[in-house]
1. Sorted from shortest, what are the nm distances separating the label point of B:ASN114 from equivalent points in the other copies, each placed 7 Å from Cα along Cα to C-beta?
2. Would you mind calculating the gained length between B:GLN45 and B:THR180 on full extension (0.36 nm times residue separation, minus the Cα-Cα distance), in nm to one decimal?
3. Using the Cα atoms of chain A to build a convex hull, what is its mean projected area in square nanometres?
4. Can you find, among B:VAL132, B:PRO162, B:GLY178, the residue sitting farthest towards the positive end of the charge dipole of chain B, where Lys and Arg contribute +1 and Asp and Glu -1 at Cβ?
5. Distance in nm between label sites at B:ALA137 and B:ASN114, each 7 Å beyond Cα in the beta-carbon direction?
6. Nearest 100 Å² is fine: what is the total accessible surface buried where chains A and B meet, probe 1.4 Å?
7. Set the Förster distance to 41 Å, then compute FRET efficiency between A:GLU27 and B:LEU191 from the Cβ-Cβ distance, nearest 0.05.
8. First compute the accessible area of region A:104-157 with a 1.4 Å probe, then give the percent of it belonging to carbon and sulfur atoms.
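The values are calculated or read from the model by the stated rules, or taken from the named source; none is laboratory data. Since this is a predicted model, take the numbers as computed values, not measurements. Backbone-built Cβ (ideal geometry, glycine too); neighbour counts: all protein chains shown. Ligands, DNA and RNA are stripped out before the accessible areas are found, and what is left, the full protein with its side chains, is counted by its heavy atoms. Shrake-Rupley method; radii C 1.70, N 1.55, O 1.52, S 1.80 Å.
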Protein chains: 2
Amino acid sequence: MSNKKSLVTFILNVVKISKSDAEQIAEAFHFVELKEKEFLLHEKQVSDDYLYLENGLMRTFLYDLEGEEITIDFFTENNVVFEITSFFNRVRSEANIQAITKCSGYRISYKELNALFHDKPAFRDFGRAILVKEFIASQKRNYGMINRTAKERYQNLLATKPQILRDAPLKFIASYLGVTDSTLSRLRKNL
Amino acid sequence: MSNKKSLVTFILNVVKISKSDAEQIAEAFHFVELKEKEFLLHEKQVSDDYLYLENGLMRTFLYDLEGEEITIDFFTENNVVFEITSFFNRVRSEANIQAITKCSGYRISYKELNALFHDKPAFRDFGRAILVKEFIASQKRNYGMINRTAKERYQNLLATKPQILRDAPLKFIASYLGVTDSTLSRLRKNL
DNA sequence: TGATTTTCTTGCCTTTTGTCAAGTGAATTC
DNA sequence: GAATTCACTTGACAAAAGGCAAGAAAATCA
């Protein structure tokens, strides 16, 4: 049994399965590290990483029509990281996934994930629970972005994921919140 | 074999399984109709409907802090309709789902869905494909809403789901786009 | 250490969107 | 069919956010 305690704990928090099932699932994952600014996924590649992020901060981003980077989402410690479209549909990714800080965690490939999905009923429940959890998070984000001013969105981010404001540069946060750098800088000043 | 041709076609478009598997899955669904303005789900209930919408237009909405209705999402023909948090986590819903026009389709309950999930491998693939599909749609919506002006968001909706603009009242669309009724009315005028 | 680049802040002005309130017209009701 | 309600529009003004450019501060590099 390798040292995947945090992953086992994460699995047990996501779905009601036995500890030994959780440990067997965790066993299938492989340790990975990423340096600051290293990419987990480059656009136009087919993603093959389903990652549990144990330490660090990552982001996913793409380029808008003017060629500007738009940060779509941040990933914090103790969450899964994957580009769902590319990973599950086996198509080239439109987005990039990049480590903001040094990161470490455990990954499995698409092939490994499917083998588990077919062989281990407990993993099916885990897989579904993760999809449901991430889907809900995406919907919540939708709701939190619309019908709110930039200031409220910023305050919400401050309250829910302060590590992002600590570790990510202003321009990543600005594009994530849908405002310009200038506007975010001014918002900050008034708080 | 009842008349569920559109559902079978829908299933076959979502996941690569055999026609007979798709027909067996469709068999488990039950026909339902909803009158205009009728609710599929009221807030504070636990959702028990996983619905394939064959005809009509629906929306999901909740109330903001000022007690105003906020339309979160629209559901169009030939899509699935469910409140993921309440349905999968068996918790009371914070959202309402309501028919805008007269609607018809086919539903299954949580219990029925899980029985299929455990007994029919083809349904597992279907279930996962639906979650992936809806998750991607949610992410796309996120991306389409941020970093765009209200006018661009409106034009995008016009291009992608014109039936919404045809059948939903202005106030539903305005809150969905995150603007006031007045602003949407003015946007329309300039087009 | 000093030079260079990158990140962030700020001022000035414009555009977008919101607020509030009044008004029109259509649909519904009694 | 008059009254009421509902959906939408419009005007006048206010607030929020953006565009652009200059400059300060911080990080990186040589």
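1. Label point to label point, same position, other copies: 2.8 nm.
2. Numbers: separation 135, 0.36 × 135 = 48.60 nm, distance 2.93 nm.
Full extension from B:GLN45 to B:THR180 adds 45.7 nm.
3. Working: hull surface 45.4 nm².
Result: a mean projected hull area of 11.3 nm².
4. The residue sitting most towards the positive pole is B:PRO162.
5. 2.5
6. Its buried surface, counting both partners, is about 3100 Å².
7. Numbers: r = 58 Å, r/R0 = 1.41.
Calculated transfer efficiency: 0.10.
8. Details: 1150 of 2250 Å².
Carbon with sulfur: 51 percent of the solvent-accessible area.
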